[in-house]
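K.L.:
Sending over a structure as structure tokens; questions will come in a sec.
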Amino acid sequence: HSGKIDRDEFRKGIQFLRRKRLMLDHDTKKTLEDREPSVSSSQHKDLNTGEIDAIFDAIDLDGNGVVDLEEFEKALQSIEMPPALAVFKLLDEDRNGVIDRNEFLSGIDLLNRHLRPHEKVGNPGALFDQIDTNGDGYIDVDELQKAFG
């Protein structure tokens, strides 16, 4: 793994996000609340391959056929979603506004499957405890944003 996303990986990522049914932050407070609905099929149409490729091309600023971390971060900034919030939305599987230990460990496991051995997150349970600064057994969006620095 090069730390970059090619077009095929990007398409797979879009499909993964669809399955995760990312929630939208409708009130733009950059917080997640129970009353904010998840995207349903009635609220959007599925993107076809051409539309996904157009999004990829817009993110691939240097046109080299891969999206690196810098390009990805710029794309997140352009939609005004801090990286911590994007990660939070991915990890909060049940959409209850907090990440429990199982959701966190599942997310880290998925991440580790796509990293080189020296990049893998070690001891994810201890990392969860470190991020859960109030010790309630859940990570809220503020705790995760603080962990991102």
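The values are calculated or read from the model by the stated rules, or taken from the named source; none is laboratory data. Keep in mind the model is a prediction, meaning the values are calculated, not measured. Virtual Cβ from ideal backbone geometry, glycine too; neighbours counted across all protein chains shown.
K.L.:
For the range 119-141, what are the residues that are part of a helix (DSSP H, G or I) and within 20 Å of Glu9 (Cβ to Cβ)?
P.N.:
Correct list: Glu119 only.
K.L.:
Of everything in the range 75-84, what is within 23 Å of Lys146 (Cβ to Cβ) and either among the hydrophobic types (A, V, I, L, M, F, W, C) or more than 11 Å from the chain's Cα centre (by Cα) (or both)? Give them in sequence order.
P.N.:
Leu76, Gln77, Ile79, Glu80, Met81, Ala84
K.L.:
Then there's this: Going through the range 83-140 one residue at a time, which ones are among the polar types (S, T, N, Q) and under 25 Å from Gly3 (Cα atoms)?
P.N.:
Ser106, Asn112, Asn123
K.L.:
Among all residue pairs at least 6 apart or on different chains, which show Cβ distances below 8 Å where the first residue, located in the range 54-76, is more than 16 Å from Lys12 (Cα to Cα) and the second is loosely packed, with under 13 Cβ neighbours inside 10 Å and hydrophobic (A, V, I, L, M, F, W, C)?
P.N.:
That search, which allows pairs on different chains as well, returns Ala75/Ala58.
K.L.:
A further question on this structure: When the range 76-120 is examined, which residues are found to be surrounded by 13 or more Cβ atoms within 10 Å (Cβ to Cβ), under 19 Å from Gly135 (Cα atoms) and modelled with pLDDT of 90 or more?
P.N.:
Gly97, Val98, Ile99, Asp100, Arg101, Glu103, Phe104, Leu105
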